[in-house]
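The values are calculated or read from the model by the stated rules, or taken from the named source; none is laboratory data. What you are looking at is a predicted structure, and each value in this text was computed from that prediction instead of being measured. Please note: Cβ atoms are built from the backbone with ideal geometry, for glycine as well, and neighbour counts cover all protein chains shown.
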Amino acid sequence: MLRGGRVMDPASGRDEAADVLLEGGTVAAIAPGLAAPAGAEVVDAAGQVVCPGLIDLHVHFREPGQTKKEDILTGAQCAARGGFTTVVCMPNTSPTIDNAGTVALIQERASAAAVRVEVTGALTRGIDGEELAPIGSLAKAGVVALTDDGHCIQNNELMRRACEYARMFGLPVMDHCQDYGLVTQGVMHEGLHSTVLGLRGWPSSGEEVIVARNILLAELVGTPIHCQHLSAAGSVRLLREARARGVPVSGEACPHHFTLTDAAIAGSEVFWRHDGAALASRFPQDLPRPAWPSYHTHFKMNPPLRSDSDRAAVLDGLADGTLTIIASDHAPHTDSEKDVEFDDAPFGIVGLEVELALSLMALHHTGRLPLNALLAKLTCNPARLLQLSDGRGELKVGGPADVTVFDPDVAWICHRADTASKSQNNPFHGWPLRGRPTLTVVGGRIAWRGSQP
């Protein structure tokens, strides 16, 4: 029994003070003043939000083949600590998830995980963009979407055929939008700071060109195409225009792209002076601003952190509904991999455990989005894209007992070592954050319990 919380279900619009009874893996009742059955554990959720279990449709758990960075069990623990009850693994493992046998391996490992772990299948063999993967076999094996994430199909005709096959099997396509001819060897956003730092630039057009390609293909073929981790203002504008005329395209944003900018790579002093003033004004006055040196590789990610105007456009896209989903792109790397020259470090950061707090701080606490609208981007919207038919993403009687309880106002300090991950490549070390999960319930069982309740 979750007693006295603010019960919110974005799918139905529910927002009321009520009790929630979970029984036998399902939601048995939602109403004020429920009587707890004999033997039920009663959790005091007063002052907290009780909502559908959060869903992150973009994580890298590195299994098989890269388990020194993360594995399915440790990644799932990160998800539970972040309030997520369902996560979706990307296929850029070693070997890649381009056949039914690898899907079965991950599903077997995931059976012991703290949360529900879904699998995507590769669009092309080896995610090398040359030859279609056996999409029918992957669909039969139970993948929930198709993507070459980590890579991007450059051959437009091959991408069209991939979308046509995906449509035959009712699977959405998710695409990492990156034109290699424009990006070349870029390691950070092309602009003032890349010039000052002497680092190879990565223009926004390298993303925008593929977003435009995907819009045209979705319009031509009719397959839903989801553009992953959008970072550029032009991408948001293109998506907004396409969705207004009914093209079946969607997009997601990551917290690092709507919180940070490329100025962070020049060091904390430059970031707070150029692009971080509004963020710093929301920190408790008795706490120092987080500090880091220039060229810090924890700020190297793909796509890269972009300009302040790009960050503002992503926030606007989230606020007006152009970007319907928030995801972490949780991408663990070991210290030995990241502690090298900026050019040589791998792209990626961890993010599951700070995703909710960063989203609350940027969108809810600033008044950009009502809480229900924000939670939709973490619950029912990803569930709809993935066509999850078992009730996940909703909190309703008879639905699965996947529930997240969080305190939207609690203040805490992020420490990179305070994690369930094997990796600590977290750019938000030392940041004051606001809002944190306190209880994660998966299938009626407590997957994680914080210091509250």
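Quick notes on this one:
- Residues in the stretch 26-39 that are exposed (fewer than 13 other Cβ atoms within 10 Å of the Cβ) and assigned to a loop (DSSP other than H, G, I, E, B) were compared, and the one that is farthest from the chain's Cα centre (by Cα) is A38.
- Filter result for C152 (at pLDDT 95 or above, touching a Leu at 6+ places or on another chain (Cβ under 9 Å) and part of a loop (DSSP other than H, G, I, E, B)): no
- Conditions (1) assigned to a loop (DSSP other than H, G, I, E, B); (2) surrounded by fewer than 22 Cβ atoms within 10 Å (Cβ to Cβ); (3) out of contact with any helix residue (DSSP H, G or I) (no Cβ under 7 Å at 6 or more places or on another chain); (4) not hydrophobic (A, V, I, L, M, F, W, C): number failed by P64: (3)
- Test result for T120, buried (at least 23 other Cβ atoms within 10 Å of the Cβ), out of contact with any Cys (no Cβ under 8 Å at 6 or more places or on another chain), touching a residue at least 12 places away in the same chain (Cβ under 8 Å) and part of a strand (DSSP E or B): no
- Strands (runs of 3 or more DSSP E) lying entirely in the stretch 346-453 (those with 1 or more residues that are in contact with a His (Cβ under 9 Å, 6 or more places away or on another chain)): 403-413, 432-442
- The number of residues in the stretch 404-434 being in contact with a Gly (Cβ under 6 Å, 6 or more places away or on another chain) and crowded, with 23+ Cβ neighbours inside 10 Å comes to 2.
- Tally of residues being closer than 25 Å to I55 by Cα and either in contact with a Leu (Cβ under 6 Å, 6 or more places away or on another chain) or assigned to a loop (DSSP other than H, G, I, E, B) (or both) across the stretch 301-317: 6
- Scan of the stretch 333-350 for residues that are in contact with a Leu (Cβ under 8 Å, 6 or more places away or on another chain) and of a type outside the set (A, V, I, L, M, F, W, C), ordered by number: D343
- Residue count for the stretch 244-276 satisfying the condition of being over 16 Å from the mean Cα position of the chain (by Cα) and either surrounded by 18 or more Cβ atoms within 10 Å (Cβ to Cβ) or in contact (Cβ under 8 Å) with a residue 24 or more places away in the chain (or both): 16.
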